[in-house]
Ligand code: ADE
Ligand code: ZN
């Protein structure tokens, strides 16, 4: 069956990572920014491996230079979400790419993003620091998050290169965000092993984990996740495109779920990985035989783990 019209909830979506290459190319031309090397002959993003992916990702953000650019980007992301009947999404937004973590500028960018609107889609923001930019910048990012916590900014997170520094180096930033009332998630167990997931849980005291798939290598960790109900934001298409796993057949999402771990499904950076939420559902049906009941359960887990308030959840239930 086609899953396009089935309602969906997406918890792990990087705003800049959702920028269509044609949109970025157009902006770069408008502003005479030279980022031509990041596209292949067909106009898609061109990279090989995770290191290059991060470089291309950051190069693409150079075309995004003003609050208006981010408003247009958010509008197009909302339209794409609506096309796949994603009724609720949380998006990672990075003050690093929105005025260089200056609080005044950040407020303007944030205001612009919130001007974007598409009927039937609720979008919330998770302010995100970038691990390989280091703990000092993460602290400045957390300050931006703390100062703008509220109805739209509901969480704080961390993405970037998982091998850059120790999780504990970022504890201060996460503590600051927690004290401001923000809900917490961090990428871990995408490139790092089970120990990276343990460190993230223990040192950052997060309640969701971005990816987390390498937890499968440690039965004690799988049990811990199942018992505590910590939620994994799994991105199967991303993992396959970046080579974390060679194929969905070898991906641990079904094993994790069957072991009682709360898994959700998202796209991470859809145009980079040539995916969308409909395709993610289609592939899970094809490989693991997931059907209507499984996807309803997936939605229920995601809605429960969403960082928005109870009223928003009630309206979506
Ligand atoms: N930023 C955008 N996509 C990412 C990913 N898959 N892992 C870590 N950081 C990211
Ligand atoms: Zn991610």
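The values are calculated or read from the model by the stated rules, or taken from the named source; none is laboratory data. Because the structure is predicted, anything quoted here is derived from the model rather than measured. Counting neighbours? That spans all protein chains shown, and the Cβs are built from the backbone with ideal geometry, glycine included.
Which residue is surrounded by the most Cβ atoms within 10 Å (Cβ to Cβ), if the candidates are limited to segment 150-182 and must be within 16 Å of ligand 2 (Cβ to nearest atom) and touching a residue at least 60 places away in the same chain (Cβ under 8 Å)?
157
Sort out which residues of segment 213-231 are touching a residue at least 40 places away in the same chain (Cβ under 8 Å) and closer than 20 Å to residue 307 by Cα, and write them in order of number.
Once the filter is applied, which keeps residues that are touching a residue at least 40 places away in the same chain (Cβ under 8 Å) and closer than 20 Å to residue 307 by Cα, segment 213-231 yields only 231.
Residue by residue, here is whether (1) on the phi < 0 side of the Ramachandran plot; (2) within 16 Å of ligand 1 (Cβ to nearest atom) holds:
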| residue | (1), (2) |
| --- | --- |
| 50 | yes, yes |
| 62 | yes, yes |
| 82 | yes, no |
| 90 | yes, yes |
| 99 | no, no |
| 133 | yes, yes |
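Consider segment 235-264. How many of its residues are under 19 Å from residue 87 (Cα atoms) and either surrounded by fewer than 22 Cβ atoms within 10 Å (Cβ to Cβ) or without any contact (Cβ under 8 Å) to a residue 40 or more places away in the chain (or both)?
1
Which one of the conditions (1) part of a helix (DSSP H, G or I); (2) away from ligand 1 (no atom under 14 Å from the Cβ); (3) closer than 30 Å to residue 275 by Cα; (4) under 20 Å from the mean Cα position of the chain (by Cα) does residue 139 fail to meet, given that it meets all the rest?
Of everything listed in (1) part of a helix (DSSP H, G or I); (2) away from ligand 1 (no atom under 14 Å from the Cβ); (3) closer than 30 Å to residue 275 by Cα; (4) under 20 Å from the mean Cα position of the chain (by Cα), residue 139 misses just condition (3).
Starting from residues that are more than 16 Å from ligand 2 (Cβ to nearest atom), touching a strand residue (DSSP E or B) at 6+ places or on another chain (Cβ under 7 Å) and in contact (Cβ under 8 Å) with a residue 12 or more places away in the chain, keep the ones in segment 10-60 and report whichever is nearest to residue 82 (Cα to Cα).
21
Among the residues of segment 47-57, what is the count of those that are surrounded by fewer than 17 Cβ atoms within 10 Å (Cβ to Cβ) and either outside any helix (DSSP H, G or I) or over 16 Å from the mean Cα position of the chain (by Cα) (or both)?
5
Going by the structure shown, is residue 206 part of a loop (DSSP other than H, G, I, E, B), more than 12 Å from ligand 2 (Cβ to nearest atom), in contact with a strand residue (DSSP E or B) (Cβ under 8 Å, 6 or more places away or on another chain) and at negative phi?
yes
For the condition part of a helix (DSSP H, G or I) and more than 17 Å from the chain's Cα centre (by Cα), what is the one hit in 225, 298, 303?
None of the other options fit; the residue is 225.
Name the residue, out of 28, 60, 89, 44, that is within 30 Å of residue 285 (Cβ to Cβ) and either buried (at least 20 other Cβ atoms within 10 Å of the Cβ) or assigned by TED's automatic domain parsing to the domain that holds residue 299 (or both).
Of the residues listed, the single one that is within 30 Å of residue 285 (Cβ to Cβ) and either buried (at least 20 other Cβ atoms within 10 Å of the Cβ) or assigned by TED's automatic domain parsing to the domain that holds residue 299 (or both) is 89.
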